Amino acid sequence: MTNGWTDIANTDLVLAMGGNPAENHPCGFKWVIEAKKKRGAKLISVDPRFNRTSAVADLYVPLRSGTDIAFLGGLIRYAVEGKRFHEDYVKLHTNALFLLTPGNELSVDGLFGGFDGKKYDKAGWTYQLDEKGFAKKAESLDDPACVFQHLKRHFSRYTPEKVEEICGTPKAEFLKAADLVTSTGTAQRVGTIMYALGWTQHSSSVQIIRAAAILQLLLGNVGRPGGGVNALRGHANIQGGTDHGMAYHALPGYMGMPRPTEATVDAYLARISPKPLSATSMNYFSNAPKFFVSLMKATYGKAATASNGWAYDWIPKIADNYSWVYLFDRMYQGKIKGFLDFGMNPVANGPNSEKMIAALGKLEWMVLAEAFETETAMFWKVSKTNPQTEIFLLPAAIFAEKDGSFTNSSRWAQWKHKAADPPGEARADEEILARIFLRVRELYAKEGGAFPDPILNLKWSYKNAAAPSLEEVAREINGSDLATGKQLGGFGELKADGSTASGNWLYCGSFTEAGNLMARRDAKDPSGLGRHENWAWNWPMNRRVLYNRASSDAQGKPWDATRAGLGWDGSAWVGDVPDLKADAAPDALGAFIMLPEGVAKLWAPDFADGPFPEHYEAAEHPVDNALHAKTSSNPVAPVFKSDLDVLGTRDKYPYVATTFRLTEHFHYWTKHIAPNVATQPEFFVEISEGLALLKGIANEDRVRVSTPRGSVEGRALVTKRIRDLKAGGEAFYQIAVPIHWGFAGRASGSKDGRGQLANLLTASVVDPNSFTPEYKTFLAQIEKIA
């Protein structure tokens, strides 16, 4: 989230798209209800299904699953063509005026410049630079070479008529939504976008979110109280895990992993330390050497020295894609011998579950730490082969049996205390990991090995080495001054000379000499804007709204004095913790301090599939791309091609299927819990009245949904919640299946023992930037079971 849950109450308009917060984030959704009551805010729900959010929305708009970029592109065009955007904000806080080099535009075939048949060479996606290496700027938004005009041309094709043709959204309903959304493109109004996995689980997922960011930047809604692009995290600590380097390609604090071609630490740091592209860019990631060296001191202590490059040789260099769908593909090829699984259930939550099952059967061993026997733990019971995998299931504590911190969608790190001890032999994750590490280290010390240095030199100075205190770990993450031993007050104190240590620069300031700030519980709100500055701790530096300099104009005057996020008082910025130097004059620095441009990017060369978002159909799609049939799907989205990776065609699988979640269950765990099973005991398949009539299916009939990967069975829920739409002039129908069932737990049940596992249906296709699978759009067939 650029803003936060409590800040939603400050908005004038909520666009809930790619998410269903009333159902999947019910505790956070109360802030939407508060905005409606206190400010008269409008709520728009855009979704393939009329869901619980739609039920309390002021406007519900349907669309075909997988066409979100076309819908958002239509909103962008509506804002630009109708001059319903915040022009002063756009010129001041975005790269709209930056001049581009020729050759950046999309071809009629749906490809950007630099495509070699497999991937893009992004070298041509550049700004025009002056003699200082800064981007040249136009005098006005009318310059044909500036970013704004490129954007205007790019999205000119997304007319209301084209949106209707692609999305199936009736033109009149789209225009109602467009009018409401773009009403926030002024200094006096502000709107927010709330999204979740309905956007992130597509083969163009990152570009969907990019389109939303472009829209919000045009409307001037980023950095302002009540605004933003707000991702709704599905787990209590998904945000925290990502912050701390859970993704394979990033070190803690979103520093990129080193590459094999970077033989020295200097070569690595040169890549991750960008050069400024504007005289007013703070370019804060140029401090990456301070962040990295402090991380290495926290990791290896005295063993990390300037003479050994701060132990640079001891950390992995990424030579390949190690995201988990790629890992399972290699596992299926027999290239991986062992697998450690902590709190993840890939058989249930991975795409193409039959391939996941087959892949696990080719391992020599697997270790799982779980509170329940999951589908992954018992995969061998349903395997079509005779796996010889040796499985170790370690009993693990659940969240209520552990202390530590959760970082929620708002980036609030909140400390909690365990409610009970884990039962029996169950242990907390940190103890399980610690015991494994100590045993491995003991073996290295005793027997040696090919590369013992990273293990033998790892700093492990906890009082109880076999069960570290999470308070000790939290203090280590915050970091300290190694000369004085005192806790650091913030990442501004980090140094690149080895005199400071910090496990994650983003969390520096969370556990200072004043104590554990994540444990604070002062609910006072002197701002009146829901900031609650002394409740928990908000990364970075307890800042409640990111990019908050953008909440003010060129002179530092808040766009809206009644919702003043940050303002210049003549000598300093007052309000929220400023997202720039506290005493920097209004014209000194841009609002987007992490970016080399110093301003937000409407056009961005950072992504694998283009500098602007473009509508591409899903890998499995019911119609050709109405914008460029030659390039229907994302040309650089990875599609896996083993013998188990088969894509369906519209002649055999004519219907669009999608997956969704329910309030009554939490992912694949609560089917083990009797009260949850009682409230939602049975898998079902949601279909429209039109599809039911076409297939001769009555409400509660048993049906089978199938794809080339597998099938599931359940009762049909024939409902008005899914509307029958038209795409390309042809009627199309959608099928929706909930994700929470499987073959483990109290609510499984099926003839073949596989249970009603939604991911038996989905394909091994991923986004080329995030590598998230395309769960939300695939082709399927449905039949009534006699």
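In the stretch 659-786, a dipole from Cβ-located charges (positive for Lys and Arg, negative for Asp and Glu) runs towards its positive end, and of VAL737, GLY755, GLY690 it is GLY755 whose Cα lies farthest in that direction. Here the chain is treated with +1 on each Lys and Arg Cβ and -1 on each Asp and Glu Cβ, and its dipole about the Cα centre works out to around 720 debye. Annotation: peptides 353-364, 726-737, 265-276, 759-770, ranked by per-residue average of other Cβ atoms within 10 Å with the highest first, follow the order 759-770, 353-364, 726-737, 265-276. Accessible surface area normalised per residue over the stretch 247-353 is 42 Å², counting heavy atoms of protein chains with a 1.4 Å rolling probe. Rolling a 1.4 Å probe across the protein heavy atoms gives the stretch 416-502 an accessible surface of 58 Å² per residue. Of the complete DSSP H runs in the chain, those spanning 15 angstrom or more by Cα along the long axis with a mean Kyte-Doolittle score not below -1.0 are 68-81, 171-182, 205-218, 288-300, 429-447.
Give the shape of the stretch 113-254 as rounded, prolate or oblate, defined through the alpha-carbon gyration tensor: a ≥ b ≥ c are the square roots of its eigenvalues, a/c under 1.5 means rounded, and otherwise the shape is prolate if a/b is larger than b/c and oblate if not. Cα axes put the stretch 113-254 in the rounded bin.
Ordered from highest to lowest accessible area with the whole protein assembly present and a 1.4 Å probe, ASP341, ASP109 read as ASP109, ASP341.
Annotation: peptides 461-472, 41-52, 203-214, 19-30, ranked by per-residue average of other Cβ atoms within 10 Å with the highest first, follow the order 203-214, 41-52, 19-30, 461-472.
Among the GluC sites (Glu not before Pro) in the stretch 510-598, those placed in a DSSP loop whose Cβ has at most 12 other Cβ atoms within 10 Å are GLU513. Orientation-averaged projection of the stretch 31-154 equals 11.5 nm² [convex hull of Cα atoms, one quarter of hull surface area]. Remark: the stretch 564-641 carries 33 Å² of accessible area per residue (probe radius 1.4 Å; ligands, DNA and RNA excluded).
Note on the stretch 640-774: with charges restricted to the Cβ of Lys and Arg (+1) and Asp and Glu (-1), its dipole about the Cα centre is near 160 debye.
Under 10 °C and 1.306 mPa s, how fast does the stretch 432-483 diffuse according to Stokes-Einstein, given a Kirkwood radius computed over C-alpha pairs? Answer in µm²/s, whole number. Here the translational diffusion coefficient equals 128 µm²/s. Calculated translational diffusion coefficient of the stretch 554-624 (20 °C, 1.002 mPa s; Stokes-Einstein with Kirkwood radius over alpha-carbon pairs) equals 140 µm²/s.
Here the Kirkwood formula puts the hydrodynamic radius of the stretch 652-743 at 14.2 Å, using every distinct Cα pair. For the stretch 601-688, the Kirkwood radius over C-alpha pairs fed into Stokes-Einstein at 10 °C and 1.306 mPa s yields D = 93 µm² per second. Counting protein heavy atoms only, the stretch 644-744 has 54 percent of its accessible area on carbon and sulfur, 1.4 angstrom probe. By the Cα gyration tensor, the stretch 374-491 has an equivalent ellipsoid whose semi-axes, rounded to whole angstrom, run 32, 24, 14 from largest to smallest. Taking only protein heavy atoms and a 1.4 Å probe, the accessible area of the stretch 352-400 is 58% carbon and sulfur.
Evaluated on the chain, the Kirkwood hydrodynamic radius is 27.6 Å, with distances taken between all distinct Cα atoms. Sorting 169-176, 404-411, 497-504 by their mean Cβ neighbour count within 10 Å, with the most densely packed peptide first, gives 404-411, 497-504, 169-176.
Three principal axis extents describe the C-alpha atoms of the stretch 443-515; from largest down they are 44, 29, 22 Å.
Residues THR186, THR484, ordered by accessible area of protein heavy atoms at a 1.4 angstrom probe radius and largest first, appear as THR484, THR186. Placing unit charges on the Cβ atoms of the charged side chains and taking the dipole of the stretch 40-141 about its Cα centre, the candidate lying farthest along the positive direction among PHE115, PHE98, GLY73 is GLY73. Beta bridges from DSSP with both residues in the stretch 637-786: antiparallel share about 65 percent, rounded to the nearest 5.
The values are calculated or read from the model by the stated rules, or taken from the named source; none is laboratory data. No experiment lies behind these values; they were computed from the predicted model shown. We place every Cβ from the backbone using ideal geometry, glycine too, and count neighbours over all the protein chains shown. Each accessible area value is taken on the protein alone, full model and side chains, heavy atoms only, with ligands, DNA and RNA left out. Shrake-Rupley method; radii C 1.70, N 1.55, O 1.52, S 1.80 Å.
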